[in-house]
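Enquirer: Please read through the structure below; I'll follow up with questions.
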Amino acid sequence: MPNASARPKHGRRTRRRRREDPARNELVSSSLESAQQCLFNQDYGTAFVHYLLVLNLAPMFKDFARESFRFTLFKWTEELDSVGRIQDLFDCYEQALELFPADEVILNSMGEHLFRMGFRDEAAGHFHKALKLRPDYPEARENFYRVANWLVERWHFLMLNDHGRNRKYQQAIQKAVQSGCNTVLDIGTGTGILGMCAKKAGAAEVYACELSKTMYELACEVVTANGMDGSIKILHMKSLEMEVPKDIPHRVSLVVTETVDAGLFGEGIIESLIHAWHHLLLPPQRGENEFQETSATGRVIPAGATVFGMALESLEIRRHHRLCVSEVGSLSIAAAGELRSPVSCSPEPDDSMEPYTTERLSRLPGGYKPLTEPFTALNIDFNNVQELEGLSSREVQQIRLPVTQGGELDALAVWFQLHLDEESSLSTGPQEDTCWEQAIYPVHSTNGFVLKPQDELLVEVSCRDSFLRLCSVAVLRDGHEIRLDKRLDLQDSGNPIPNPNPNPEAELCSALACLQTDQSPTKDFCMLECSEMALLNNSDYHQSFCSALAKLFSQLKVKCQNKERDQSGPADSADCSDLLYVLDVSEGFSLLSLIAASNGHIKAYSSVEKTKQQEVLKRLARSNNVPEQHLEFWLNHMEDEQGMLKRPSREKLWSAIMLDCVETCGLIRQKLMEKASLARCLLEDGGSIFPAKIVVHGMLVESDTLLLESAVQGQEPTLGFNIAPFINQFTVPVHVFLDFSTLECRHLSDSVELFVLDLMDSTANYTNREVKVQATSAGRLTAIPFWYHIYLDQEISVSTLSQNSHWKQAAVVLQQPLEVRAGDRVHLAVKLHKSAISISAHIENTPGQMEQ
Ligand code: 44T
């Protein structure tokens, strides 16, 4: 036997590898073959596993197999998605990204899944990465803009542009550090600004934590760019998970934070501070007279807050939170039962309900009427852990408020003063010249009850699940207490509140419907989004549909009768006694299918998905004499959503298809044109899709507000720090959810037609259009707000700008403002990519003017 152990090691290794190679190669090639075969057989799961094996064993095939691998991944994850195997789906993406970490298509697609699942922050991160890899990748760009708009990121621009706020925080931090607080933790650091203030003020140790991945990465970039990467330790975690000494070596003497939302507690500041006092902060200063070294005690900036409230009347709030009409289109909706917006702080706890929504009262369309003076709802000391802990168990506080002006009680509005220290505070009040929104606690059930100046309003203030809750419970009038929170009580007490639906027949139907489904009308309610509620209250919209549908049906009837008359009746000819088929593919809750069906002789398909909402539609069908079999729920019959627009049965074609073309936020719905061309193929001769056409209108404006919300403005560094270029990467060119009627801006032109989307004729569409607009006054052109005229047919249209619209508006904000003089002709290059609009502007006859 030769001396085996004396053999050189590398020789052994080489030989072993050589011996393994054929087997490995064989495995690779047979797996590749299997992958392709499975792909051909549409067995995507197995194909995916084979590809994983191949590409892990033989990375040199990556370029060759990239396209098929992506295709397999997308098909397989689509399947996993449809059967709810979400964890598996994300595992597949993780594995794919391990193989192709810089593949922008995979990153973008994973972002889309994340977004759909509600992980917006992570989704934004993926779209952002995809865009960084390929800045001209339009899909990722469109996705990123949509997500960036969804995130609360806009606040960061507002905050960083709010010089008053920045300076006050800086001064308070500086004072604290100079008085001896030399170890600092910034909770929810965002861009890192407060942590950097502490460092600049001379703090020896600064820590910061941030739970959002996107913001954490941004903070790291900013801190590095400002030369502080060695001196501020940033952690990607929620402060509640932090421990001493694992995450920070010892307790700190100062916590700085601005984790507050419009309702003060919505970002969890109470839990964060209770946890910080127990685990991260040095003990608080004891008595006032007792001297303790500042560096040995802990404190918090802000030191506390005072919360204010006020009752108000606002039609805008009302129409988003309760039903204000008794008829929608041709339908009586008394039998609908109780419909509620998902915002309520009723005494019965319900997880799905937000206790408040937010509005900037100064920009509320139609304004608001204060019904009481502002009152103090709560005082809280952030430096007193017992007080923080006691908040949830505090007794419900009842406040009696004299009504100062008569009106309908629509909401309680809340704002606060944030006391940074003994000297300095910030206010989020509606009168202040600040950008902050107020919290709105809508009132659901006043049944048209009107407050009078001699009344007193009874408001309950409490704190549950660390949310501040305000509830108007009763009105005191002439020594009587009239409850506002319980409808049954109201009826029992025989109080004077009128019934808004004095239709006994409909009431009876409603009662019957409730009996049949064994539901009590007071306990069981159907939840609608605020925008769905506003849609129901939008009479013009439904009336327009009613007229357009009736017109179409009578045209089709005439056409059919003509045909019947002309043809001498072979079996396949039109039979006018046949039902017409109508499909409503609106997103969310829609009554359009029922409105169509109420025309008689129509079979309508609704896309309403939620069981409770379907029940409402069924009840309404019954009470409006629509035969049960004439209303179907499309998605109940569908295995996969892909088949969405397939016709109901082979021999029937759709007479009308209703598409939901504009999102509440003011943007054209994604994939609208694809849906429209699919829908066109499914129409019977003479049938129509609604809308037939959309005309985009816009206007040139100067608006500083829009600039402040879109990017950190000016060349000046923020508090001396270089932050703007980093956060401004998240700038989006299109602003959404605007109220153009109350936007502070100067109009620089009349409104103009920007674009036409013909949904009935795709050949008439273009993706680029040059529009010339005459400036009517001089100013800085900063933005072009836009809205839509939705043409149901050639004559009937609805505008998304109308007063009772459930839509908001959007605006393109130019990267560089353009100085215009009255009379200038401004050229707008309007582009539509998929459903995203972009606009650039330049002035005619001024050579050298840069395009935006
Ligand atoms: N609110 C301004 C500031 N976070 C933004 O991920 C202030 C709004 C404002 N990170 C009225 C008045 C004002 N641990 O990036 C976010 C968020 C992060 C945390 C780690 C935690 N426990 C948290 C909690 C939140 O902090 C950042 C800021 S919170 C967003 C508020 C005059 N309306």
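Laboratory data are not the source of any read-out in this text; all were calculated from the coordinates shown. All figures in this text were calculated on a predicted structure; none of them were measured in a lab. Cβ placement follows ideal geometry from the backbone for every residue including glycine, while neighbour counts extend to all protein chains displayed.
Enquirer: What is the fewest-to-most order of Cys209, Cys661 by other Cβ atoms lying within 10 Å of their Cβ? Could the numbers behind the result be given before it?
Expert: Values: Cys209 27, Cys661 23.
In order of increasing Cβ crowding within 10 Å: Cys661, Cys209.
Enquirer: Glu481 to Ser799: extension gain in nm, 0.36 nm per residue of separation minus the Cα-Cα distance?
Expert: 110.1 nm
Enquirer: Taking the Cα centre of the chain as the origin and placing charges on Cβ (Lys, Arg +1; Asp, Glu -1), which of Val222, Val443, Pro365 is farthest toward the positive end of the dipole?
Expert: Of Val222, Val443, Pro365, it is Val222.
Enquirer: Something else now. Only Cα pairs under 8 Å and at least 6 apart count here; give the relative contact order of segment 575-638 as a rounded whole percent.
Expert: After rounding, I find 33 percent.
Enquirer: What number comes out for the charge environment of Lys213, summing +1 per Lys or Arg and -1 per Asp or Glu over other residues with Cβ under 9 Å away? Walk me through the intermediate numbers first.
Expert: On the way: positive: none; negative: Asp121, Glu122, Glu210, Glu217.
Taking every other residue near Lys213 into account, the sum is -4.
Enquirer: Grab the beta carbon distance between Thr763 and Ser392, set R0 = 56 Å, and tell me the FRET efficiency rounded to 0.05.
Expert: On the way: r = 63 Å, r/R0 = 1.13.
My answer for the efficiency is 0.35.
Enquirer: Suppose a student asked you for the relative contact order of the chain, using Cα pairs under 8 Å spaced at least 6 residues apart; what percent would you report? Write down the numbers at each step before the final one.
Expert: Details: 1637 pairs, mean separation 77.3, N = 852.
This gives 9 percent for the chain.
Enquirer: Given the pairs Lys175/Lys233; Lys213/Lys610; Lys551/Lys808, which span a C-alpha to C-alpha distance of over 25 angstrom in this model? Show your work: numbers first, answer last.
Expert: Working: Lys175/Lys233 22 Å; Lys213/Lys610 33 Å; Lys551/Lys808 29 Å.
Lys213/Lys610; Lys551/Lys808, as the Cα separations exceed 25 Å there.
Enquirer: Moving on to the next point. Return the calculated 222 nm mean residue ellipticity for the chain, to the nearest 500 deg cm²/dmol, obtained by summing -39500 (n - 2.57) across DSSP H runs with n ≥ 4 and dividing by the residue count. Before the final figure, lay out the partial values.
Expert: Working: 23 runs with 282 residues, N = 852.
Dividing the helical sum by the residues of the chain leaves -10500 deg cm²/dmol.
Enquirer: Give me the distance in nm between label points sitting 7 Å out from Cα along the Cα-to-Cβ direction at Thr742 and Cys576, one decimal.
Expert: For Thr742 paired with Cys576, the spin-label model returns 5.3 nm.
Enquirer: Turning to a different aspect of this structure: So what's the net charge close to Ser762: Lys and Arg +1, Asp and Glu -1, counting the other residues with Cβ under 14 Å from its Cβ?
Expert: Details: positive: Lys671, Lys675, Arg680, Lys693, Lys834; negative: Glu674, Asp758, Asp761.
Residues near Ser762 contribute +2 overall.
Enquirer: Pull out the extension gain between Lys452 and Lys551, defined as 0.36 nm times the separation in residues minus the alpha carbon to alpha carbon distance; nm, one decimal.
Expert: Numbers: separation 99, 0.36 × 99 = 35.64 nm, distance 4.65 nm.
Result: 31.0 nm gained on full extension.
Enquirer: Quick check: net charge around Lys369, other residues with Cβ under 14 Å of its Cβ, Lys/Arg +1 and Asp/Glu -1? List each step's numbers first, then the result.
Expert: Details: positive: Arg318, Lys452; negative: Glu313, Glu316, Glu373, Glu408, Asp410.
Every neighbour counted, the sum reads -3.
Enquirer: Taking the simple approach of a point 7 Å from Cα along Cα-to-Cβ for both Glu94 and Lys772, what is their distance in nm?
Expert: Once both label points are built, they end up 6.0 nm from each other.
Enquirer: Kindly write out, for segment 717-731 in residue order, the coupling ³J(HN,Hα) from the Karplus curve 6.51 cos²θ - 1.76 cosθ + 1.60 (θ = phi - 60°), rounded to whole Hz, with x marking Gly and Pro.
Expert: Listing the rounded values in order: x, 7, 6, x, 9, 8, 10, 3, x, 7, 5, 5, 4, 8, 5 Hz.
Enquirer: Let me ask something additional. Dividing the Cα convex hull volume of the chain by residue count, how many Å³ per residue is that? Before the final figure, lay out the partial values.
Expert: Working: hull volume 208.4 nm³, N = 852.
About 245 Å³ per residue, rounded to a whole number.
Enquirer: While we're here: What number, in nm² with one decimal, is the all-direction average of the projected area of the convex hull of the alpha-carbon atoms of segment 684-776? Mind dumping the intermediate values first?
Expert: Working: hull surface 38.5 nm².
Result: 9.6 nm².
Enquirer: Please give the residues of segment 393-436, grouped as numeric ranges, whose backbone N is less than 12 Å from a label point set 7 Å along the Cα-to-Cβ vector of Ser179.
Expert: Residues passing the 12 Å test: 420-424.
Enquirer: While we're on this one: For His601 paired with Gln171, estimate the spin-label separation in nm (one decimal), with each label point 7 Å from Cα along the Cα-to-Cβ line.
Expert: That separation, rounded to one decimal, is 7.7 nm.
Enquirer: Let me ask you something else. Got a sec? How would Asp229, Asp750 order by Cβ neighbour count within 10 Å, fewest to most? Spell out each step's value before the answer.
Expert: Values: Asp229 14, Asp750 11.
If I rank by nearby Cβ atoms, fewest first, I get Asp750, Asp229.
Enquirer: Here is a follow-up. Set the Förster distance to 30 Å, then compute FRET efficiency between Val558 and Glu674 from the Cβ-Cβ distance, nearest 0.05.
Expert: On the way: r = 32 Å, r/R0 = 1.07.
E between Val558 and Glu674, to the nearest 0.05, is 0.40.
Enquirer: How do Val459, Val300 rank when sorted from fewest to most other Cβ atoms within 10 Å of their own Cβ? If you can, show how the numbers build up before the last one.
Expert: Working: Val459 22, Val300 28.
Listing Val459, Val300 from fewest to most nearby Cβ atoms yields Val459, Val300.
Enquirer: Sort 474-480, 262-268 by packing, meaning the average of other beta carbons within 10 Å per residue, with the highest value first. Could the numbers behind the result be given before it?
Expert: Working: 474-480: 14.1, 262-268: 21.4.
In decreasing order of mean packing, 474-480, 262-268 become 262-268, 474-480.
Enquirer: On a full-extension model of 0.36 nm per residue, what is the gain between Gln285 and Asp540, subtracting their alpha-carbon distance, rounded to one decimal in nm? Walk me through the intermediate numbers first.
Expert: Values: separation 255, 0.36 × 255 = 91.80 nm, distance 6.24 nm.
Extra length from Gln285 to Asp540 when fully extended: 85.6 nm.
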